[in-house]
Amino acid sequence: MSALPEVGLRILDPRLTGWGFPRWGSAAAAGLDLHACLDTPLELLPRGAPILIPAGFSVLIRDPAWCGLIFPRSGRGHREGLVLGNGTGVIDADYEGPLMVSAWNRAEAAPIRIEPGERIAQLVFTRIARPVLTVLEGEAGPGSERGASGFGSSGR
């Protein structure tokens, strides 16, 4: 496969181009801005259920050496608590359906208002590795110096 894949975009909401999609926020930005394709403003209640917000397009990665990752936008997540309900969204190379952003308000008290067209998340493309997996027989061996006690087992 090629060093950089050609990724197709199917615009599902014609308002996206008027909002400036597709674009990265700066020349060195890693994430492609995702807009809330809403018809009316949306209010996310504090610690309420996450809500799926259409991003208004489909992405066609098709190269199995690549995937897309959806992350929250840093500033709004830090200042107001707008994060993803699923932590990080993963877009497999063979998924070609509409992108949805799982938006969640992690704040304790204040609701978050999302306006139609507002940038709410970012899409990052990255390579993936598929190692050869080997199923081992028998009990676990002595392991490494770190130990096998799970979380925090390095003692650091």
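The values are calculated or read from the model by the stated rules, or taken from the named source; none is laboratory data. Note that the coordinates shown come from a computational prediction; the quantities given were computed from them, not determined experimentally. Every residue, glycine among them, receives a Cβ derived from its backbone with ideal geometry; neighbour counts consider all protein chains shown.
Here are some notes:
- Any hit, the stretch 69-82, residues being farther than 28 Å from ALA109 by Cβ and within 16 Å of the chain's Cα centre (by Cα): yes
- No other residue among PRO5, PRO14 is more than 19 Å from PHE71 (Cβ to Cβ) and either touching a strand residue (DSSP E or B) at 6+ places or on another chain (Cβ under 6 Å) or at pLDDT below 95 (or both) apart from PRO5.
- Scan of the stretch 42-63 for residues that are under 11 Å from GLY117 (Cα atoms) and either surrounded by fewer than 18 Cβ atoms within 10 Å (Cβ to Cβ) or modelled with pLDDT under 95 (or both), ordered by number: PRO54
- Selection status of GLY141, on the phi < 0 side of the Ramachandran plot, surrounded by 10 or more Cβ atoms within 10 Å (Cβ to Cβ) and modelled with pLDDT under 95: no
- Among residues that are out of contact with any strand residue (DSSP E or B) (no Cβ under 8 Å at 6 or more places or on another chain), touching a residue at least 24 places away in the same chain (Cβ under 8 Å) and loosely packed, with under 13 Cβ neighbours inside 10 Å, ASP39 is included.
- The set of residues from the stretch 107-118 being in contact with a strand residue (DSSP E or B) (Cβ under 7 Å, 6 or more places away or on another chain) and either farther than 11 Å from CYS37 by Cα or without any contact (Cβ under 8 Å) to a residue 24 or more places away in the chain (or both) comprises PRO111, ILE112, ARG113.
- Failed condition for TRP104, given (1) closer than 30 Å to ILE53 by Cβ; (2) free of Cβ contacts under 8 Å to residues at least 40 places away in the same chain: (2)
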